[in-house]
Amino acid sequence: MATSNNSFLERTFSHIRLAWREATDNRATLERLNLSPELSSDDEAILRTWIDHCLADKGGEIASRARAATLGQSYLELDPIGQQRFLSILALHYDTNRVDVEQYIERWQEASDDSRAEAARQLRNVLEPPRMKLLTLFNELPEGIKFLVDMRAQILSLRKQHPELKPLEADLKRLLISWFDIGLLQLEQINWHSSAELLEKLIAYEAVHAITSWDDLKNRLDSDRRCFAFFHPNMPNEPLIFVEVALVKGLSDNVQTLLDETAPVGDIDQADTAIFYSISNAQQGLAGISFGNFLIKRVVKELQHEFPHLKQFSTLSPIPGLTRWIHKQPAEELEQLPGGKALLPHIQDQALTLTMEQLAEPQLKAPLSKLAAYYLAKAERVGGTAADSVTHFHLSNGAQIAQLNWMADTSVNGLNQAAGFMVNYLYDLPNIEKRSQAYLSQNKRSLSSSIKSLLSS
């Protein structure tokens with residue numbers, strides 16, 4: 001039962017349209033902004049005049065906010081081509097004025113000691129693109145911060161084809177980083193009694209293991225499970241990032257078993273381990289603004305308080321880059337890697353051609369495990385960090401690569417991305433900070449004895 005993301009986002013846009021319509025109802029003295037859906041060249045001139053009026057506070061602050069609400073509502077009513085043109089106008093015509101910057105740099109350089117501070121203030125003002133004021137006006141409107149988060153998501157999807165949007169995206173990211181400071185976020189538990197709207201969003205935003213039905217969701221929120229999310233005060237009904245946790249005995253080594261709806265509910269009094277099996281970023285517009293490390297640490301504290309008998313905190317994580325990395329290895333280099341020689345007969349045109357039945361054969365477990373262990377423990381990106389993005393995330397947060405699990409995810413996605421492998425990253429609380437610093441400063445990865453054994457065998 002997957003909810004369509006497009007229709008889901010359209011409903012959130014409808015909430016914003018309604019809120020902004022109310023914000024513009026009392027603007028009797030203001031002209032209306034009627035734009036064609038595709039934002040024609042004639043409309044561009046009208047739009048720029050309207051933006052200029054917003055930036056100039058023409059008619060006062062209340063009038064500027066009403067115009068900004070009308071402007072935002074008009075943006076939501078444009079078609080995709082019109083929205084792209086709207087964004088390009090903001091990017092190209094409301095950027096920092098180079099001539100002004102050069103002039104004020106010269107003033108600052110020539111200023112006396114007494115006037116240098118004022119010259120520096122003036123320089124800072126002209127360095128700020130005019131569009132930043134408009135973006136701030138949007139934020140002050142009902143649901144304005146959600147509007148800007150979604151606007152950045154659109155820009156991120158467009159910037160390859162429209163590189164002129166990159167400075168606008170960078171401006172938005174800078175604003176959002178300041179507005180989404182971790183100190184402002186609220187940690188909340190989501191359970192089966194949460195609002196239907198929030199539960200629907202959990203289904204739509206789950207990015208690791210798709211929630212296939214309401215029964216599936218109910219199973220993930222049962223008494224032996226926990227789900228926590230960060231929220232922003234100005235987006236109270238929108239999770240920013242959420243984590244799903246299973247309370248079990250020992251390290252879980254198979255996600256299908258963990259998510260089995262027919263399995264009996266676990267006895268939480270006997271549980272000694274919290275398994276973080278899914279961490280999903282819910283807002284595409286906040287990509288690159290990290291909350292995950294803070295979320296894990298906050299949730300560990302919550303669980304320790306509720307269940308003092310828990311001894312271990314671990315993930316059961318995908319290895320999304322494994323098969324892609326194998327495909328990229330030249331045959332002569334792959335042959336030299338642990339387990340690589342045994343896999344060469346199964347590689348054609350640099351692609352691993354194993355079926356699920358072949359992946360499950362015991363004779364392939366050893367070479368595949370060795371190669372997967374090498375990928376996690378040794379493979380690097382440019383800059384020396386772990387090649388796998390999930391590995392990098394958990395090592396940055398101070399985790400240990402603890403246990404490699406064969407045939408742990410036999411879904412189509414799990415087989416295609418990682419030949420069915422998953423990995424446990426162990427958060428050994430006394431050592432988190434030390435391990436995080438060792439990885440970030442020296443690229444030193446903490447490995448369990450079982451991982452070391454795979455590498456040396």
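Determine the share of the stretch 241-342's accessible area contributed by carbon and sulfur atoms, expressed in whole percent, with a 1.4 angstrom probe. On the stretch 241-342, the fraction of accessible area on carbon and sulfur atoms equals 49 percent. Partners of residue 166 within straight-line reach, counting lysines whose Cα lies under 25 Å from its Cα and excluding those fewer than 8 residues away in the same chain: 133, 146. Solvent exposure of the stretch 172-296 amounts to 41 Å² per residue of accessible area, where only protein heavy atoms count and the probe is 1.4 Å.
Surface calculation, 1.4 Å probe, protein heavy atoms: residue 262 sits at approximately 120 Å² accessible.
With all pairs of separate Cα atoms included, the stretch 58-99 yields a Kirkwood hydrodynamic radius of 11.8 Å. Toward the positive end of the charge dipole of the stretch 229-316, about the Cα centre and with charges on Cβ (Lys, Arg +1; Asp, Glu -1), which of 309, 281, 258 goes farthest? Toward the positive end, the furthest listed residue is 281. Using 0.36 nm per residue and subtracting the Cα-Cα separation, the extra length available between residue 207 and residue 193 on full extension is 2.8 nm.
Relative contact order for the chain using alpha-carbon pairs under 8 Å, separation at least 6, rounded to a whole percent? With pairs under 8 Å counted, the relative contact order is 11 percent.
With only Cα atoms counted, the stretch 66-163 has Rg and Dmax values of 17.2, 53 Å.
Cross-link reach is defined here as a Cα-Cα straight distance under 16 Å, omitting same-chain residues fewer than 8 places apart; for residue 365 the lysines meeting it are 341.
Directionally averaged projected area (the chain, Cα convex hull): 28.0 nm².
Partner lysines whose Cα lies under 17 Å from the Cα of residue 311, excluding those fewer than 8 positions away in the same chain, are identified as 249, 297, 301. Once C-alpha pairs closer than 8 Å and six or more residues apart are averaged by separation and normalised to the residue number of the stretch 117-207, the relative contact order reads 16 percent. One chain, two ends: residue 267 and residue 437. Fully extended at 0.36 nm per residue, the span grows by 57.6 nm beyond their Cα-Cα distance. Taking the 1.4 Å solvent-accessible surface of the stretch 90-182 as the whole, the part contributed by carbon and sulfur is 50%. Remark: the stretch 257-342 projects, on average over all directions, an area of 9.7 nm² (convex hull of Cα atoms). In the frame of its principal axes, the stretch 137-268 has Cα extents of 54, 31, 26 Å, reported largest first. Run the accessible area of the stretch 382-426 with a 1.4 Å probe and give the carbon-and-sulfur part as a rounded percent. That fraction is 57 percent. With N counted as the residues of the stretch 332-448, its alpha-carbon radius of gyration over 2.2 N^0.38 Å works out to 1.13. For the stretch 188-336, the relative contact order works out to 22 percent when only alpha carbon pairs closer than 8 Å and six or more residues apart are counted. The charge dipole of the chain, taken about the Cα centre with unit charges on the Cβ atoms of Lys, Arg (+1) and Asp, Glu (-1), comes to about 980 debye, rounded to the nearest 20. Entry note: the stretch 367-425 has Rg to Rh equal to 0.97, where both radii use alpha-carbon atoms and Rh is the Kirkwood radius. Taking a point 7 Å out from the Cα of residue 127 in the direction of its Cβ, none of the residues of the stretch 150-183 has a backbone N less than 11 Å from it.
Once you have a ≥ b ≥ c as the square roots of the Cα gyration tensor eigenvalues for the stretch 91-148, tell me rounded if a/c is under 1.5, and otherwise prolate or oblate according to whether a/b is larger than b/c. Because a/c hits 1.5 or more and a/b fails to exceed b/c, the stretch 91-148 counts as oblate. For the stretch 131-183, the equivalent ellipsoid derived from the Cα gyration tensor has semi-axes of 19, 12, 10 Å, listed largest first. Multiplying the residue separation of residue 307 and residue 181 by 0.36 nm and removing their Cα-Cα distance gives an extension gain of 42.5 nm.
Summing charges over all other residues whose Cβ lies under 9 Å from the Cβ of residue 387, with Lys and Arg as +1 and Asp and Glu as -1, gives 0. Pop the C-beta distance of residue 62 and residue 99 into the FRET formula with R0 = 25 Å and round what comes out to the nearest 0.05. The pair residue 62/residue 99 has a calculated efficiency of 0.15.
Annotation: Cα Rg of the stretch 191-298 relative to the compact-globule expectation 2.2 N^0.38 Å equals 1.07.
The values are calculated or read from the model by the stated rules, or taken from the named source; none is laboratory data. Predicted model only: the values in this text are computed from it and were never measured. No Cβ is skipped: glycine too gets one built from the backbone with ideal geometry, and neighbour counts run over all protein chains shown. Surface accessibility is based on the protein's heavy atoms, side chains included, excluding ligands, DNA and RNA. Shrake-Rupley method; radii C 1.70, N 1.55, O 1.52, S 1.80 Å.
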